[in-house]
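**Q** This is the structure I have questions about; it appears just below.
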């Protein structure tokens, strides 16, 4: 009888809290040619990696306690805790805007409070709805309740001006992404971003 092998995801320890987690659920850091610690959010850069939880608290702690030098076994150049947190936060935000932009160019997006509400009620429902954090309470609640009724994930993030700038349009109160790969990937990067900021 053939043996059943169960795949176990590679584990790594967070430099901040020291807890072991699946490598894919952490943030990877590598050394640049200039001996600087840099984030590798896409886990594609070459070289030895060091890891922290997707948490600004863990990252700041790793910087304060000089854990990156210990992990890389030499003195390395590390930004201040606040600078490192701001760098990672900025890169995560760029990934979100990048995915929204790609989805828009692929024709996978509907934007604007009324159009998003209509899309939620339609047969071809979106896979993800984003609502601007500075939207009016009336519009935000209407979209949120509609999405909840139709069991569509709804997330508050960015501002109306942010959405408008990404889409090349006037400010938008809400954005809907059609179901499929873009919606799933975008939901994942937003989740990691919110986890990092401590919003979840």
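Laboratory data are not the source of any read-out in this text; all were calculated from the coordinates shown. The structure presented is a predicted model; accordingly, all values stated were derived computationally and were not measured. In this analysis, Cβ positions are derived from the backbone assuming ideal geometry, glycine residues included, and neighbour counts consider all displayed protein chains.
**Q** Calculate how many DSSP beta bridges within segment 1-87 are antiparallel, expressed in % of all such bridges and rounded to the nearest 5.
**A** Beta bridges within segment 1-87, antiparallel portion: roughly 90 percent.
**Q** Could you compute how fast segment 114-159 diffuses translationally, taking Rh as the Kirkwood radius over C-alpha pairs and applying Stokes-Einstein at 37 °C with viscosity 0.692 mPa s? Give it in µm² per second. Mind showing how you got there, number by number?
**A** Details: Rh = 10.5 Å.
For these conditions, the coefficient is 314 µm²/s.
**Q** Say R0 is 25 Å: what FRET efficiency, to the nearest 0.05, do residue 170 and residue 136 get from their beta-carbon distance?
**A** 0.95
**Q** Let me have the 222 nm mean residue ellipticity of the chain computed from DSSP H runs of 4+ only, each contributing -39500 (n - 2.57), with the sum over all residues rounded to the nearest 500.
**A** Rounded to the nearest 500, it is -13500 deg cm²/dmol.
**Q** What's the angle, to the nearest 10 degrees (0 to 90), between helix 181-197's Cα axis and the longest principal axis of the chain?
**A** Its long axis makes an angle of about 60 degrees.
**Q** Which distance in nm do the two modelled labels at residue 77 and residue 149 give, with both placed 7 Å along the Cα-to-Cβ direction?
**A** Taking the simple label geometry, residue 77 and residue 149 are separated by 5.7 nm.
**Q** Can you give the convex hull volume of the alpha carbon atoms of segment 90-197 per residue, in Å³?
**A** 92
**Q** Volume per residue, Å³, of the convex hull around the alpha-carbon atoms of segment 14-132? Please list the in-between numbers first.
**A** Values: hull volume 16.9 nm³, N = 119.
Cα-based convex hull of segment 14-132, divided per residue, equals 142 Å³.
**Q** What order, most packed first, do the peptides 173-179, 121-127 have when packing is the mean number of other Cβ atoms within 10 Å of each residue?
**A** Going by the mean number of other Cβ atoms within 10 Å, highest first, we get 173-179, 121-127.
**Q** Between helix 137-149 and the chain, what is the angle of the helix's C-alpha long axis to the longest principal axis, kept within 0 to 90° and rounded to the nearest 10?
**A** Once rounded, one gets 80 degrees.
**Q** Starting from 0 in steps of 10 Å, tell me what percent of the Cα-Cα pairs of segment 11-78 lands in each bin.
**A** Calculated P(r), rounded to whole percents: 23, 59, 17.
**Q** Also: Calculate how steeply helix 81-105 sits against the longest principal axis of the alpha-carbon atoms of the chain, using the helix alpha-carbon long axis, and give the answer as 0 to 90 degrees to the nearest 10.
**A** 40
**Q** Another question about this same structure. Can you pull the one-decimal nm distance between simple spin-label points at residue 69 and residue 91, each 7 Å off the Cα toward Cβ?
**A** Here the modelled spin labels are 2.2 nm apart.
**Q** Give, in nm to one decimal, the length gained when the segment between residue 23 and residue 45 is fully stretched (0.36 nm per residue of separation minus the Cα-Cα distance).
**A** On the way: separation 22, 0.36 × 22 = 7.92 nm, distance 1.48 nm.
Net length gain for the segment: 6.4 nm.
**Q** Can you tell me the convex hull volume per residue for the chain, based on C-alpha atoms, in Å³ to the nearest whole number? Intermediate results must be reported in sequence, preceding the final value.
**A** Working: hull volume 35.2 nm³, N = 200.
Hull volume over Cα atoms, normalised by residue count, gives 176 Å³.
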